[in-house]
Each structure stands twice: as C-alpha cells, then as structure tokens.
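First up is the structure itself, then whatever we jot down about it.
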Amino acid sequence: MPGTAAQPIQDPADANDAPAPARGKAGAAKGKAAGSGTSSAAARLAKLGLRRPVDLVLHLPMRYEDETTVVPIAEAIHRAGLGLPAQVEGEVISNEVTFRPRRQLVVKLADDSGELTLRFLNFYGSQTKQMTEGVRLRVRGEVRGGFFGAEMVHPTVRPVLAGEALPDRLTPVYPSTAGIPQAYLRKAIGGALTRTPLPETLPQPVLQGPLARLQLRPLADCLRLLHAPPPQESEAALADRSHPAWQRIKFDELLAQQISLRRAHAARRDKTAPTMPRRAGGLLTRFLAALPFRLTGAQQRVVEEIAADMALPHPMHRLLQGDVGSGKTIVAALAACQAIDAGFQAALMAPTEILAEQHFRKLSAWLEPLGVPVAWLAGSQKAREKRAAVARVEAGEAQLVIGTHALIQDTVRFAKLGLSVVDEQHRFGVAQRLALRGKAGAAEAPAAAIAAAETVPHQLMMSATPIPRTLAMTYYADLDVSVIDELPPGRTPIVTRLVNDERRDEVIGRIHHAAAEGRQVYWVCPLIEESEALQLQTAVETYETLVAALPDLRVGLVHGRLPPAEKAAVMDDFSANRLQVLVATTVIEVGVDVPNASLMVIEHAERFGLAQLHQLRGRVGRGSAESVCLLMYQAPLSPTARERLATMRETTDGFEIARRDLEIRGPGEFLGARQSGEAMLRFADLQTDAWLVEYAQAAAELMLAHYPEAVEAHLSRWLGGREHYLKA
C-alpha cells in the first residue's frame with residue numbers, strides 16, 4: 001500500500017514540542033549524539049510500536065479533553081467536588097514558591113467573576129517563569145475545595161493572548177510512555193494523517209455484499225474523526241467505543257486477524273504429512289476391543305474427526321477440547337494407535353511430571369499388553385535411564401513416547417515421528433509446540449532439511465480449559481476444533497459449598513467422617529503468587545495440623561519441591577488407598593485420577609482463578625460416589641473473588657465457567673496472548689463486539705478467494721507485514 005509499508009517516521013516536532021532533553025553534561029552529550037533528535041524520537045515512538053506513518057495513524061486516542069469552551073471561574077468553583085473538569089481563562093495575580101508543608105508552586109488566577117488557586121507539587125523552573133504575574137492563562141482541570149479555598153492541583157496550563165480562538169475539536173489523549181509528551185504525539189500523528197494515503201482496502205463487492213448491513217464508513221473519514229472529533233459528536237459513544245467510526249476500526253482489525261488465521265490454516269495445507277488411514281484388524285481395533293467400557297457418543301464423534309484428519313496427506317492441526325473428566329486421554333491413545341498402525345511413532349508431551357507420569361502409567365497399562373513399547377522421558381530421570389530411553393526412541397524401538405519438556409531437548413531424536421500430542425497446550429509456548437513437531441524424522445536428517453521438505457507430523461493439542469465460542473472464532477480460527485461435550489456415564493455431579501475459614505474445625509470433622517466411610521480426601525493449599533516458599537510453608541503447616549488432628553488417618557504431603565521419587569511414592573500410596581488424606585499444592589491441578597477420592601478442600605479459594613478452581617475440583621467426582629468440593633475462604637472477599645466463588649457454587653459446566661472467566665478477566669489474560677508474546681486485539685472487545693466476527697469471517701473468505709491485492713494491502717496496514725496471528 002503506498003506510503004505505509006516501510007517508510008521511517010519523520011521527526012514531527014519542533015523544539016517547543018519535542019520531548020524534554022536530559023539535563024547536565026550527560027544530556028548535552030546525548031543531544032550531540034542524537035543530532036537533530038530524529039533517531040531518539042523514533043526510538044521512543046518505537047517503544048509504543050510506532051515505526052511507520054500508518055502506525056501513527058492507527059494509534060488512536062484513549063480519551064478526549066474538551067477544550068472547546070471556557071467557563072467563568074465562579075462557575076467552575078460552583079462545580080467543585082462534582083469530579084467534573086472545567087476550563088477557565090484568566091490573568092495571573094500572584095506566583096509564589098512555598099516550602100510548608102512541602103515545596104510547591106502556588107499561582108493565583110483571576111477573571112471578572114472570581115479567583116482560583118493553582119497548586120503544583122512537582123514543577124520545573126520553566127513553569128514558574130511561564131506563569132509570572134500578568135500572564136494570561138487558559139487552564140483545565142478539576143476544581144476542588146482546598147484549605148485556602150477552591151483550587152486546581154496540577155491542571156493543564158497554556159499561555160494565551162486575550163481573545164485567542166478556542167479549538168473547534170476535542171483534544172485527543174493518546175496512550176504514551178515516559179519521554180513522549182502528548183503535544184509531541186499529537187503533532188506526530190497530525191503530520192502522519194496529512195501525508196499518509198489511506199486508500200480503501202475493502203473492495204466494493206465486499207462492502208455491498210456480506211458487509212452491506214454494517215453500512216461501514218470510509219476508513220479515512222473514521223480515522224480523522226477519531227483523532228479530532230467535533231464537540232457535537234456523542235462523547236459517550238466515543239468513550240465506550242460504540243460510535244460508528246469505532247465500529248469501522250474494530251471491523252478492520254478483526255478482518256486482518258481472520259485473514260491471517262485463514263492463511264495460516266491454508267499454509268499448513270501446503271505442507272506434507274504422512275497419510276495414516278485406519279487399518280482393519282490392527283492395533284486400534286484390538287485396543288477398542290480390550291477396553292472395559294464403551295466410548296461416549298461425543299468421544300466416538302471426535303475419534304472419527306481425528307481419524308479422518310490423519311488419513312489426509314497434509315498435517316492435522318486439531319485442538320481437542322473437553323471438560324475435566326470427559327475422557328480426552330482415551331481419544332489421544334486411539335490417535336496414537338492409528339499412527340503406530342501406520343508404522344510411525346507417537347509422542348505425548350505434558351507440562352508437569354505428575355501429569356506426564358499419570359499418562360505414562362495409564363497408557364502403558366492399556367497398550368503394553370497389546371505389544372506396544374512405551375518410553376518415558378522426564379528431566380528428573382537419572383542419566384543412565386534417560387540415555388537408555390533416548391536410544392530406544394532414536395532406534396524406533398519405542399513406538400509411543402511420553403514425557404515433559406524433556407521430549408524437545410536436542411538429544412532426543414525420533415526415528416519416525418508421525419503424531420505429536422500436546423496436553424494442556426495453553427501451558428506451552430508456540431516455540432515449544434513447534435519444537436516437538438520439528439522432531440519428525442530427526443534420526444535421518446537434520447532439522448533444516450526437514451523444514452525444507454515441509455514434511456511435518458500430525459499434531460493434536462488437548463485442553464481441559466474450555467474455550468468460549470467467541471474466542472474459538474477469533475484466536476483459534478486457524479485450528480480445527482473438536483469438542484467432547486459429554487461426560488462418561490456413572491459420574492455423579494460434584495456438590496460445591498462455600499465455607500468460611502472460621503469453620504476449619506468442622507471441615508476437619510467432615511474429613512474424618514469421609515475417611516471412616518472408606519473415601520479419600522484432597523486438601524489443596526493456597527496459591528501465594530508472591531512466594532513459592534510461603535506456599536510450601538503453608539502446605540507443611542497444614543500437613544502437620546492435619547496429622548495432629550487426625551491421628552487415626554494416614555496423611556500424605558506432595559509439592560513441587562519434593563524429589564521426583566518421593567513425589568511418585570506419595571502419589572502411588574494415595575492411588576492405592578494407603579493414604580486417606582493428601583495435602584498438596586497446585587501440582588495436582590491436572591492429571592491426577594483417583595476415583596475413590598470424593599472430598600476436595602481448597603484452602604483460601606479466593607486466591608485462585610476460575611480455571612484453576614475448576615481443574616482442582618475435577619480431581620473428585622471421578623467415581624460413582626457423591627463428591628463434594630469445599631471452597632474455604634477468608635472474609636472479607638473482594639468483588640472479583642466473590643463473583644468467582646459464586647460461579648463455582650452455581651455451575652459445574654466448564655464452558656459456562658470459561659464464559660464467565662472471560663467476562664471477569666478479558667481475553668488477553670484468559671489466553672495468555674496464546675503464549676506467543678504478540679499483542680491481542682487492540683480495539684475490538686470480544687464481550688461487546690463478538691457479533692462483528694462472523695461478518696469479518698465472511699469478508700475474509702471472499703477477499704482471499706477473489707481479491708489478493710486487497711488482502712495484502714489490508715494486512716500490510718494492520719499487521720505491518722508481521723502476521724501476529726499466523727502460527728506455523
């Protein structure tokens with residue numbers, strides 16, 4: 001697109017508007033090094049992501065100040081205490097630096113209607129000179145009642161001439177950072193608006209076709225309005241971003257996202273993957289026949305979707321969603337069987353050793369009796385064990401390999417990797433997931449050769465954190481998504497109760513009663529983000545308290561700092577019912593499957609997020625006995641904590657919990673920016689703008705099919721050639 005691709009930002013400011021220079025000799029040296037100041041200005045703007053003129057044009061105000069009217073000082077004083085800003089104009093009648101109770105600049109301003117005090121607690125000598133007696137000032141701020149009368153503290157001040165015209169537009173206030181004053185940004189953005197061409201990137205057939213109902217305004221008009229709106233425009237609509245001009249900005253951003261995601265999906269279709277059709281009478285058939293239970297309808301549907309993908313010559317890139325306990329592991333096992341039947345290896349990577357080991361034990365028990373060698377790789381293994389496992393993987397002797405991040409270490413080389421499964425995929429970064437995928441055929445060729453050949457294994461990503469539909473349509477539109485929306489039969493609903501921490505003795509009594517009935521209990525200690533040491537201390541103290549209070553029961557303790565062998569021994573004892581109570585930190589959040597455990601106590605539940613609470617609660621309710629989750633909290637609760645705990649009490653539906661979690665936290669925090677380090681949507685808000693996504697999808701499909709030049713222009717404008725959402 002002309003004028004927007006790679007042109008550097010010119011220095012838009014003169015000496016009066018430029019960022020304040022550093023003082024003293026160091027400042028002088030910096031000034032010489034910077035020459036005209038253009039390079040330092042560009043560096044500061046680059047901190048805000050503003051590298052091209054079009055980036056400046058798309059740097060939109062976060063709010064506005066109304067400097068189009070002036071009110072008499074008496075009227076401004078009358079508004080004191082209402083929290084409303086006012087703009088007044090008058091003459092300085094006194095200017096004094098006082099030192100009690102602290103150093104401050106006190107200026108008296110007067111007009112025909114009255115006097116007003118301006119107070120500056122932090123100020124420069126230049127400001128003192130700017131506001132000398134007799135100078136006429138235009139001042140904007142909130143009037144408050146002070147000890148010595150009405151005053152403005154740190155108002156915006158501008159010297160003016162008598163009768164000087166007022167602005168006819170609202171004054172934009174932009175997101176900024178240290179060293180970039182608003183005046184500098186306004187001039188930079190104003191200059192960019194003047195010299196940057198903004199041709200329409202939406203073809204007329206698209207605007208008049210799938211987008212006709214939106215009645216979108218021209219982008220150039222919308223940008224000019226948002227940077228300098230006339231005062232008659234609805235301030236409320238500008239503030240809450242419901243104005244038609246904002247609607248156009250949000251739509252264009254969503255369209256760029258949808259185009260890039262669809263291109264990512266298409267790019268994967270251009271790569272080659274091994275075809276793995278189902279083999280009649282093979283391992284998969286024997287595995288299904290050996291299962292002591294039948295798959296649910298949802299599991300069968302998902303298995304068919306995955307099987308169809310793996311039979312194609314391009315790589316599967318599928319996200320498997322399923323609520324806690326819905327049976328995702330068995331689906332992954334069936335996919336592995338299909339890969340092994342076709343003569344390939346499968347790998348399953350999990351984020352924690354406890355979860356990876358649970359998978360190893362379960363899948364080994366299922367598959368080794370059928371003649372499938374399963375290997376285990378983890379960071380805690382002894383060197384000799386790890387070397388032996390790595391050798392089996394490289395030789396192709398291990399057909400299924402299960403482990404943690406250890407799977408992607410340079411020393412691990414697969415003979416013939418055809419399927420990679422990533423559990424709890426949101427806990428891994430994009431680079432880590434790609435590293436596992438890059439292990440395909442690593443025993444025969446270096447990674448560079450494999451990348452050049454564009455041959456990659458099929459990839460299945462699993463998540464027990466359900467993704468609301470609006471997020472799936474936006475941030476995961478480049479993936480094929482399968483959902484297990486049905487729990488296995490025989491599961492009883494989990495009853496959730498909120499318990500004040502003052503009733504701790506009653507909770508301990510409840511534990512004793514459950515153990516007397518032959519049931520087992522989890523007690524999860526609070527998450528203390530500021531200090532892992534404090535979390536461990538809390539767990540140890542709770543363990544000691546329960547040991548003393550329950551002398552006839554066996555109580556165990558597991559936490560992240562235990563040596564792996566001890567951790568495994570404790571988990572073995574709990575799984576075998578040799579321990580009745582397990583005190584744990586959040587290491588048991590995922591993967592632990594003990595059907596006999598029917599009581600979960602979560603201490604200081606107000607410190608956990610909704611997703612974690614739901615995952616922890618899912619450790620019980622895995623058998624036929626009625627299960628209870630007690631959320632212990634300390635009063636008083638913050639509004640957010642109260643909302644989270646109420647949600648947990650009201651529903652066990654993971655998708656409903658995820659929807660409310662999205663409302664509470666917003667998409668950026670909910671998704672962790674897809675672990676990619678890229679910015680989420682800057683302008684569109686999925687809680688209010690989800691309805692635009694379907695229009696963006698329809699426009700993206702039409703533009704990709706018929707208007708390739710418009711696609712490139714649109715992506716260049718919004719993503720600068722860096723397709724943030726494009727994931728290899």
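Report, by residue number, each residue of segment 71-97 that is surrounded by fewer than 15 Cβ atoms within 10 Å (Cβ to Cβ) and at pLDDT 90 or above.
E75, E91, I93, S94, E96, V97
Among the residues of segment 183-190, is any at pLDDT below 90 and surrounded by fewer than 16 Cβ atoms within 10 Å (Cβ to Cβ)?
yes
Restricting to segment 292-326, name every residue that is part of a loop (DSSP other than H, G, I, E, B), in contact (Cβ under 8 Å) with a residue 60 or more places away in the chain and of a type outside the set (S, T, Y).
Within segment 292-326, F293, P315, M316, D323, V324, G325 meet the criteria.
Could you check, for segment 436-447, whether at least one of its residues is surrounded by 21 or more Cβ atoms within 10 Å (Cβ to Cβ) and modelled with pLDDT of 85 or more?
No, every residue in segment 436-447 fails to be surrounded by 21 or more Cβ atoms within 10 Å (Cβ to Cβ) and modelled with pLDDT of 85 or more.
Could you say which residue among D221, D168, D252, D270 is of a type in the set (D, E), buried (at least 20 other Cβ atoms within 10 Å of the Cβ) and either in contact with a Pro (Cβ under 8 Å, 6 or more places away or on another chain) or in contact (Cβ under 8 Å) with a residue 12 or more places away in the chain (or both)?
So the residue among D221, D168, D252, D270 that is of a type in the set (D, E), buried (at least 20 other Cβ atoms within 10 Å of the Cβ) and either in contact with a Pro (Cβ under 8 Å, 6 or more places away or on another chain) or in contact (Cβ under 8 Å) with a residue 12 or more places away in the chain (or both) is D252.
Based on this model, can you work out whether R504 counts as at pLDDT 85 or above and part of a strand (DSSP E or B)?
Criteria not met by R504.
Is it fair to say L121 is under 14 Å from M152 (Cα atoms), surrounded by fewer than 18 Cβ atoms within 10 Å (Cβ to Cβ) and touching a residue at least 12 places away in the same chain (Cβ under 8 Å)?
yes
Give me the pairs: first residue in segment 393-408 and under 20 Å from L370 (Cβ atoms), second residue among the polar types (S, T, N, Q), beta-carbon distance under 6 Å, and six or more apart or on different chains, which are they?
Sorted first by the residue in segment 393-408, then by its partner, the pairs are Q399/Q345.
Quickly run through segment 271-291 and pick out the residues that are among the small types (G, A, S), assigned to a loop (DSSP other than H, G, I, E, B) and in contact with a Leu (Cβ under 9 Å, 6 or more places away or on another chain).
Answer for segment 271-291, where residues must be among the small types (G, A, S), assigned to a loop (DSSP other than H, G, I, E, B) and in contact with a Leu (Cβ under 9 Å, 6 or more places away or on another chain): just A273.
Pull up segment 464-493, narrow it to residues that are part of a loop (DSSP other than H, G, I, E, B) and closer than 12 Å to R318 by Cα, then point me to the one that is modelled with the highest pLDDT.
L479
Filter segment 41-70 down to the residues that are β-branched (V, I, T), buried (at least 16 other Cβ atoms within 10 Å of the Cβ) and part of a loop (DSSP other than H, G, I, E, B) and list them by number.
Residue satisfying the conditions is V70 alone.
The values are calculated or read from the model by the stated rules, or taken from the named source; none is laboratory data. Note that the coordinates shown come from a computational prediction; the quantities given were computed from them, not determined experimentally. Here the Cβ is made from the backbone with ideal geometry for all residues, glycine too, and neighbour counts use every protein chain on show.
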